Amino acid sequence: MKNLNGFCLGSTVVAAILALAPLAMVAQNTSQGSGVGSAASDAGNAMKHGAQSAGHTMDQGAKHMIKSADSMFAVKAAQGGMAEVKMGQLAADKAGNPDVKAFGQQMVDDHTKANDQLKAVAQEEGMTLPTDVNQKQQAMYDSLSKMSGADFDKMYVKDMMTDHQQDVKEFTRESQSGKDEKIKGFAAQTLPVVQGHLDKLKGIQSKMGSGSAS
C-alpha cells in the first residue's frame with residue numbers, strides 16, 4: 001500500500017506538471033511575442049525619428065543654400081561699396097578732370113550711405129560682413145594712388161566703368177531672384193543709384209574721349 005500510495009502520489013504530481021506545461025509555454029510565447037513587438041515598435045519609432053531628422057536636415061540644408069546665395073551677394077556688395085569709397089576719396093583728391101573729381105566725391109557720399117544700409121540689414125539677418133576690401137580691390141587702389149592727372153583720370157574712370165557694369169548685373173539679379181527679402185530689398189533700393197553712377201560714367205568717358213576738360 002505504501003508503494004502504491006507513493007506511486008499514486010507521484011502520478012498526481014506528474015499529471016499536475018503536464019497540465020501546467022501548456023500554460024507555461026503560452027506565457028513564454030506571450031513574453032517572447034511582447035519582446036518582438038516591442039523591438040518592432042522601437043525599430044519603427046527609430047525609422048520615424050530618422051526620417052524626421054533627415055527631413056529636418058534637408059530643410060536646414062535648403063535654407064542654408066538660400067542664405068548662402070544672398071550672403072555671397074551681401075559680401076561682394078559690402079566689399080565693392082568699401083572699394084568705391086576708398087577710390088572715390090582718391091579721385092576727389094587726385095583727379096585732374098573736374099567731372100572725375102566730382103564723381104569721386106559722389107562715390108564717397110552714395111556708397112557710404114549704401115554701406116551703412118547694408119550693415120543694418122546684415123545685422124538684422126545675423127550675417128557677418130567683411131570689414132575691408134579684397135586683395136584685387138586693394139591692388140587697384142595701390143596702383144591708382146601712385147598716379148595723378150590725366151593718367152589717374154583715365155584709369156579711374158575705366159576701373160569704375162568695369163565695376164559698375166558688373167554691379168548693375170549683380171544688383172539686378174539679386175533684386176529679382178533673391179530669397180532673403182531684406183537683402184533683396186536692399187538690392188532693389190540701391191540698383192537705381194548704381195545704374196545712375198554707370199550712366200554718369202558713360203557721359204564722363206564720352207567727354208574725356210572728345211577732349212573736353214569738363
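The values are calculated or read from the model by the stated rules, or taken from the named source; none is laboratory data. For clarity, every value in this text was computed on a predicted model and none was experimentally measured. With ideal geometry, Cβ positions are generated from the backbone for all residues, glycine too; neighbour counts draw on all protein chains shown.
Here is how the numbers come out for the structure above:
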read-out: Residue ID - nearest to Gln137 (Cα to Cα), chosen from residues in the stretch 156-214 that are surrounded by fewer than 15 Cβ atoms within 10 Å (Cβ to Cβ) and among the hydroxyl-bearing types (Ser, Thr, Tyr); value: Thr162
read-out: Test set (1) in contact (Cβ under 8 Å) with a residue 12 or more places away in the chain; (2) not in a helix (DSSP H, G or I); (3) not hydrophobic (A, V, I, L, M, F, W, C) - Thr128 fails condition number; value: (1)
read-out: Residue match in the stretch 134-155 (condition: under 30 Å from Asp70 (Cα atoms), crowded, with 18+ Cβ neighbours inside 10 Å, among the aromatic types (Phe, Trp, Tyr) and touching a residue at least 60 places away in the same chain (Cβ under 8 Å)); value: no
read-out: Unique match (being assigned to a helix (DSSP H, G or I) and within 24 Å of the chain's Cα centre (by Cα)) among Gln105, Gln89, Gln138, Gln117; value: Gln117
read-out: Some residue of the stretch 106-120 being closer than 30 Å to Lys179 by Cβ, among the aliphatic types (A, V, I, L, M), surrounded by fewer than 19 Cβ atoms within 10 Å (Cβ to Cβ) and modelled with pLDDT of 95 or more; value: yes
read-out: Unique match (being closer than 20 Å to Gln106 by Cβ and either in contact with a helix residue (DSSP H, G or I) (Cβ under 7 Å, 6 or more places away or on another chain) or not aliphatic (A, V, I, L, M) (or both)) among Lys182, Lys146, Lys200; value: Lys200
read-out: Residues located in the stretch 142-186, provided they are of a type in the set (Gly, Ala, Ser) and within 26 Å of Ala92 (Cα to Cα); value: Ser143, Ser145, Ser148, Gly149, Ala150
